[in-house]
Amino acid sequence: MLSMLQAHGLDAGPTQRPLLAGAAAGVLADIPALAVLVAFRSLDAPTQFTGTSPAIIALAFSGLLLIGGLIYGWLFQRAANDPRGGWLFGLSFGFVLWMVGPVPLLQWLPPEPILRGYPAAGLLLGLLLWGLALGITFPSVHRRLHAGLGDRRTGSERFGPDAATTHTKSR
């Protein structure tokens, strides 16, 4: 089975840009996740613990989820482009990201857990919603960023087999 998968190429090609699509979809998915974090007051405890403003904590969270989107694009590559199953990839990836990132950083490393109760539930729901939104938006973002050989244009010039036959007006 593995040899068949390798023969048909599950790795993304150079024109598919899964990392850029993952980063862009990760930033788009930040919007609903931050709304959940604000609604559950999940940003207040890290703000008080670090002594910074909520905007800086939100920017740090967005930056980490941008990196999460890059990892999502790198890990799933062409499989993430499935419009029917992408939501499941994203939802499961959001859960794994919650287990790997915030749980050890905010619950185990400090002497006392930072998030408890509703803020902790809000963090879980925020990352699940982020993963769901990432999985739903990734295919459409990926389609827009996919560059084919005939799509490369700079000004009025064309590249590829049609370049020699295309006549352009000179000024």
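The values are calculated or read from the model by the stated rules, or taken from the named source; none is laboratory data. Computed from a predicted structure; not experimentally measured. Every residue, glycine as well, gets a Cβ built from its backbone with ideal geometry; the counts of neighbours run over all protein chains shown.
Let me confirm something: among 39, 23, 58, which residue is under 12 Å from the mean Cα position of the chain (by Cα) and at pLDDT 90 or above?
23
Those residues that are of a type in the set (S, T, N, Q) and either touching a residue at least 24 places away in the same chain (Cβ under 8 Å) or part of a helix (DSSP H, G or I) (or both), I need them from segment 41-69; list them, please.
Hits for segment 41-69 are 42, 47, 48, 50, 62.
Determine the pairs where a residue that is free of Cβ contacts under 8 Å to residues at least 40 places away in the same chain, located within segment 70-91, has a partner that is among the aromatic types (Phe, Trp, Tyr) and surrounded by 14 or more Cβ atoms within 10 Å (Cβ to Cβ) with Cβ atoms under 7 Å apart, the partner being 6 or more residues away or on another chain.
Note: no pairs meet the criteria.
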